[in-house]
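To start, the structure itself, in structure tokens.
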Amino acid sequence: MSGEQPAAFRAWHLFVPKLITVLRQGYSVASFRHDVIAGLTVAVVALPLAMALAIASGATPDKGLITAVVAGFVISALGGSRFQIGGPTGAFVVVVFGVIAEHGYGGLVLATAMAGLMLIAAGLARLGAWIKYIPEPVVTGFTTGIAVIIFSSQIKDLLGLSVDALPADFMQQWQVYWRALDSAALLPMLLAGASLTVILLLRRWVPQAPGFLVVIVGGALAVALFGVEAPTIGSRFGEIPRTLPMPVLPDISWAQVKVLLPSAFTIAFLAGVESLLSAVVADGMTGRRHRSNCELVAQGVANVSSSLFGGLPATGAIARTATNIRSGAHSPVAGMLHALFLLLFMLVLSPLTKYVPMACLAAVLVMVAWNMSDLDRFRHLMRAPPGDRLILLVTFGLTVLVDLTVAIEVGVVLAAILFMHRMAGAVAIHSHAPLIQEDIDDFGRPESDVYTRRAELPPGVEAFELRGPFFFGVANRLGEVLDRIGHRPRVFILKMREVPLIDATGASALNEFISRCHRDGTAVILAEVARPVRQTLSDMGLPGDRVRFARSFEHALEMAAGSPLPSSGDGS
């Protein structure tokens, strides 16, 4: 048998769900107990979010619950991440609202199914790593733009305005608000203000409390027990169904497929980007490693399944995934249980949801928008080189004022043009390593890396060399270096002599790498850093108290030989 055949045979290992990995390694009663607690905690958080996001998207609240149950279960059962929690997210609000307004809910169901098939094809074609090429200014630009649009869409319920039909266009929305300003009602404003206050106070003083659920339940009790008169879910949408609908194939016509293709592509793109971003966050919090292509396939199957049940597009939810991890989840079983708990809530609590005030849901969505906006990262990127700032602002502006699809297309094209411009000015660029690391499976051993003169390095010192421009396409490599070493060194030397330039994403990745080393007690020395690269790092706020600079590799070794490292002097 040739040496190539086993490798080809093992290709399917990359698509084995993490659930199977967990069961193969052994799943104990104690692990199940932890997963039950985590699943219930996440379900409590997800319940109000699923309804609120569905309403913000122009759908009914039960559609959000259906999506969280069906897609949430499938994503955890089939996904390539141990801790991913799936469901409706704020990223889809803009595109879903637009599709429903233009093509009706049937058009959204078909677009969601088409997006699911695209994600399955992308995963099987092993395009998961390609998403790492999306530069940070583009992602931050459209994410912050979506946050602004979500906030704008909630002004009606925050102020209790009498608006029959809210347009999808941002500028038109504010024109409608201005004309309806005389209809503002005091009671909805008081409910919304009280809800925001409670959420912020709980977040400040009792962060483990489910603030969103608290204000939803409190608002419902105010309506049901004290007769508070305010628009509610029941007055606007009627009672939520208590069971899941039967799966139905969407109506398909070639003409409709062609019309919905751009929207389906946008949904697939957002689902792929956000799910893998969420998986990366989970990896950083746990030290695990997800399989991106397996995750894309799971996201695809989940979106197809959601469309069959009449649900919304779904993807990995970063905040809910982080909650799952902080609640002690051990495996994907926690995500599956979160979906089952949500189904139980639907069966038991559906009659009570009709009392939930729309103003309270609007307050929840305002907080969702605030969390999505990530203003700290936006401000951080505004200190990046001019080209990165341009991409950030153009993507943000187009998302808010024009169209999300256009914003993504223009942002990526601008990033490619900027990269080519930078490459034209770079000289002596070469690399002996692939730009993007491929996925590995859990059946074989990870390949070992050979580092610079390891045998000659002092005890407790490791070194790694970066070659070529450190841009958005290669930034994710750095985060895997410590994992591949297999232990935590005393000193880590990063050689950067052959790095002619670095962009905003590369600088952010390097900053996160240094912060991680600092948390692990590992000192970092950057050796032979070119002046333009060092200037960019300085502009982007590299923490000077956590890193040292050396003139040469030999100088770095001398610095590493001393313990502890000198607290002043940077070797410039």
- Report those strands (runs of 3 or more DSSP E) wholly inside the stretch 457-572 carrying at least 2 residues which are charged (D, E, K, R) and at pLDDT 85 or above. 491-498
- Task: Being crowded, with 24+ Cβ neighbours inside 10 Å and of a type in the set (A, V, I, L, M, F, W, C) is the filter here, so list the residues in the stretch 298-336 that pass it.
- Result: A298, A302, L312, A314, A317, A329, A334
- Message: Every residue in the stretch 343-394 that is among the β-branched types (V, I, T), part of a helix (DSSP H, G or I) and surrounded by 16 or more Cβ atoms within 10 Å (Cβ to Cβ), please.
- Response: T353, V364, V366, V368, I391, V394
- Task: Please specify each residue of the stretch 514-531 satisfying the condition of being over 21 Å from R379 (Cβ atoms), in contact with a strand residue (DSSP E or B) (Cβ under 8 Å, 6 or more places away or on another chain) and not small (G, A, S).
- Result: C517, H518, T522, V524, I525, L526, E528, V529
- Task: Check the stretch 56-75 and report whether any residue there is farther than 24 Å from M367 by Cα, in contact with a Leu (Cβ under 9 Å, 6 or more places away or on another chain) and surrounded by fewer than 24 Cβ atoms within 10 Å (Cβ to Cβ).
- Result: yes
- Query: What single numbered condition from (1) in contact with a strand residue (DSSP E or B) (Cβ under 6 Å, 6 or more places away or on another chain); (2) not polar (S, T, N, Q); (3) not in a helix (DSSP H, G or I) fails to hold for V228?
  - Reply: (1)
- Task: Output the residue which, of all residues in the stretch 395-413 that are free of Cβ contacts under 8 Å to residues at least 40 places away in the same chain and in a helix (DSSP H, G or I), is farthest from Q173 (Cα to Cα).
- Result: V413
- Task: Please identify the pairs in which a residue from the stretch 104-123 that is outside the structural domain of R291 (by TED's automatic domain parsing) has its Cβ atom under 7 Å from the Cβ atom of a residue that is crowded, with 24+ Cβ neighbours inside 10 Å, counting only partners at least 6 apart or on another chain.
- Result: none
- Under 6 Å between Cβ atoms, at least 6 apart or on separate chains: pull out the pairs that start in the stretch 220-248 with a residue that is under 22 Å from M346 (Cβ atoms) and end on any residue that is polar (S, T, N, Q) and in a loop (DSSP other than H, G, I, E, B). F237/T60
- Message: Quick check on this structure: which one of F97, F92 is under 27 Å from R242 (Cα atoms) and either surrounded by fewer than 24 Cβ atoms within 10 Å (Cβ to Cβ) or touching a strand residue (DSSP E or B) at 6+ places or on another chain (Cβ under 7 Å) (or both)?
- Response: F97
- What pairs can you find where one residue is in the stretch 83-97 and in the same structural domain as V366 (by TED's automatic domain parsing) and within 16 Å of T143 (Cβ to Cβ), the other is part of a strand (DSSP E or B) and modelled with pLDDT of 90 or more, and their Cβ atoms are less than 7 Å apart, with a gap of 6+ or different chains? T89/T315; A91/T315
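The values are calculated or read from the model by the stated rules, or taken from the named source; none is laboratory data. All figures in this text were calculated on a predicted structure; none of them were measured in a lab. Note that each Cβ is placed from the backbone with ideal geometry, even for glycine, and that neighbours are counted across all protein chains shown.
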